[in-house]
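For reference, the structure discussed in these notes is given below.
Only the coordinates and a few stated rules stand behind these numbers; no lab work does. Computed from a predicted structure; not experimentally measured. FYI the Cβ positions are ideal-geometry reconstructions off the backbone, even for glycines, and counts take in every protein chain you see.
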Ligand SMILES: Cc1cc2nc3c(=O)[nH]c(=O)nc-3n(C[C@H](O)[C@H](O)[C@H](O)COP(=O)(O)OP(=O)(O)OC[C@H]3O[C@@H](n4cnc5c(N)ncnc54)[C@H](O)[C@@H]3O)c2cc1C
């Protein structure tokens, strides 16, 4: 006990940020992460202010045999950025971000949010392809892959990652890029949470006009086959700056028209990141292809679009998901989705979503990084969000059942950031056997003691 108190006191002297323990008035607020299902009680939360604090926290944790959770934006679906009894290395005070408009590069600290990157890049007329909810952390999203509305045009976020600075399990500062520690850089792009605490990301930016065209069209779920056929044709004709998503769920509030309210629907969304004239031309086959019950397409600012669902996906809800990658949205697959999408439990929101891949994603070699499955046509997810713990079983049960029915349609690979189960079999399935074995080799080299294990863990 005395030795522990002395160790903590020594750590306090070295640590420049804030250490928050269970007796601290801020503790109950500081331990909260995005998914309310992850209600954990760490022994210590170390709010780091910079690289030296991260190094001190890793050393303190190792010397005192504390489990380490690393927290960027706190949005891990399984709640892997917190723990019971261990230490949380919390980067929420490390949100610095610098844009170099000439080089078209962003330097982003490990605790920054997507909205910061979106806003600062756009203030220079630039963009980095990231995810669709502004309060998500750049760190966790990028280390897993980074899917979003510009993925067909500019690839995943990892396809725009130039380098990282990370603190290794030994507390050493490492730089990883194509030219330096290239093996580590390969692993960081898709399995990044396994190898250290990334304190800084260097990301490539692209020119992007401030306004895009976005909207969706919808029909009752019985029309899924017609919608699917149209979407398949549409995708063969559109350029990479058109992103398409499909979803199955129950129409709730406006802007769904009254005749769809409360009914299971199929929705086709699209974002066109080119000019208004091009968007009108390119989106016409979709908008005029069927007699839609709703059509919400309009011009809007890219930043407004990126923030559009931030409130709907705010902190504090309970959330569960399963996902997979599929080659094609076949009639049989859509029919299964229509069945599962209409059979959702009460008391929450459940949906099946598809995001079109292809374009820039498919022009990067799959072997080029740990991320596996980029040749798939679509990412598919079953997502459930609710508030009452009494509804846990029904909502998790629905997502498992729906994805169980859809698994026969899936191809190799899975998006690590969606995977809630962290047993070896589930993690192998993310990367496939060959890449998993290569990742084990990297883990043995960079983290042989598995110090960073609160993640979809590669066992050394
Ligand atoms: C509301 C919501 C919307 C989402 N939207 C998208 C989307 O549009 N596109 C998409 O691709 N994904 C999306 N995701 C998934 C998201 O990418 C992952 O949940 C991601 O892990 C979140 O990153 P974070 O930094 O916020 O999470 P955290 O919970 O902080 O961390 C997630 C994982 O990364 C590790 N980690 C975090 N920071 C670091 C670091 N600096 N160094 C090393 N390891 C670190 C953690 O230990 C943990 O294992 C979404 C998730 C949510 C909850």
**Prompt:** Could you give the nm distance between label points at residue 405 and residue 162, where each point is 7 Å from its Cα heading toward the beta carbon?
**Reply:** 4.8
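Suppose R0 equals 30 Å. What FRET efficiency, 1/(1 + (r/R0)^6) with r the Cβ-Cβ distance, do residue 119 and residue 59 give to the nearest 0.05?
On the way: r = 35 Å, r/R0 = 1.17.
The pair residue 119/residue 59 has a calculated efficiency of 0.30.
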**Complete:** Plugging the Cβ-Cβ distance of residue 6 and residue 346 into 1/(1 + (r/R0)^6) at R0 = 60 Å yields, to the nearest 0.05, a FRET efficiency of 0.65
**Asked** What residues of region 254-272 lie in the reach of a label at residue 387, counting those whose backbone N is under 19 Å from a point 7 Å from the Cα along Cα→Cβ?
**Response** 254
**Request:** Express the Stokes-Einstein translational diffusion coefficient of region 202-361 in µm² s⁻¹, to the nearest whole number, given a Kirkwood radius over alpha-carbon pairs, 37 °C and a viscosity of 0.692 mPa s.
**Result:** 195
**Message:** How far apart, in nanometres, would the label points at residue 295 and residue 434 be if each is projected 7 angstrom from Cα along the Cα-to-Cβ direction?
**Reply:** 4.6
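In cubic angstrom, how much convex hull volume per residue do the alpha carbon atoms of region 132-185 span?
Working: hull volume 4.8 nm³, N = 54.
Residue-normalised Cα hull volume stands at 88 Å³.
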**Fill in**
The distance between the Cα centres of region 403-460 and region 121-176, in whole Å, is 20
**Request:** Grab every C-alpha pair in the chain, bin the distances at 20 angstrom width from 0 up to the longest one, and report whole percents.
**Result:** 25, 57, 17, 1
**Message:** Can you compute the modelled spin-label distance between residue 232 and residue 339, with each label point 7 Å from Cα toward Cβ, in nm?
**Reply:** 1.9
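Compute the relative contact order of region 233-303 as a whole-number percentage, counting only Cα pairs closer than 8 Å that sit 6 or more residues apart in sequence.
Numbers: 59 pairs, mean separation 22.3, N = 71.
About 31 percent, as a whole number.
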**Normalised per residue, the volume of the convex hull around the Cα set of region 155-249 (Å³)** = 172
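What is the Cα radius of gyration of region 279-363 over 2.2 N^0.38 Å, N being its residue count? It would help to have the intermediate numbers written out before the result.
On the way: Rg = 16.4 Å, N = 85, 2.2 N^0.38 = 11.9 Å.
Normalised Cα radius of gyration, region 279-363: 1.38.
Given a Förster distance of 60 angstrom, what is the FRET efficiency for residue 276 paired with residue 445, based on the Cβ-Cβ distance and rounded to 0.05? Walk me through the numbers before you get to the answer.
Numbers: r = 51 Å, r/R0 = 0.85.
Computed FRET efficiency for residue 276 and residue 445: 0.70.
Calculated from DSSP H runs of 4 or more alone, at -39500 (n - 2.57) each and per residue, what is the 222 nm mean residue ellipticity of the chain, nearest 500? Spell out each step's value before the answer.
Working: 13 runs with 142 residues, N = 460.
The helix contribution divided over the chain gives -9500 deg cm²/dmol.
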**Complete:** One would report the Cα pair-distance distribution of region 1-102, bin width 10 Å, in %, as 15, 48, 27, 8, 2, 0
**Asked** Gain in length, residue 49 to residue 424, computed as 0.36 nm per residue apart minus the alpha-carbon separation, to one decimal in nm?
**Response** 131.6 nm
**Request:** Would you please state the base-10 log of I(q)/I(0) at q = 0.12, 0.18 1/Å for region 336-460, with intensities from the Debye formula using one equal scatterer on every alpha carbon?
**Result:** -0.57, -1.04
**Prompt:** For the peptides 252-259, 272-279, 190-197, 230-237, what is the packing order when you average, over each peptide's residues, the other Cβ atoms within 10 Å and list the highest mean first?
**Reply:** 190-197, 272-279, 230-237, 252-259
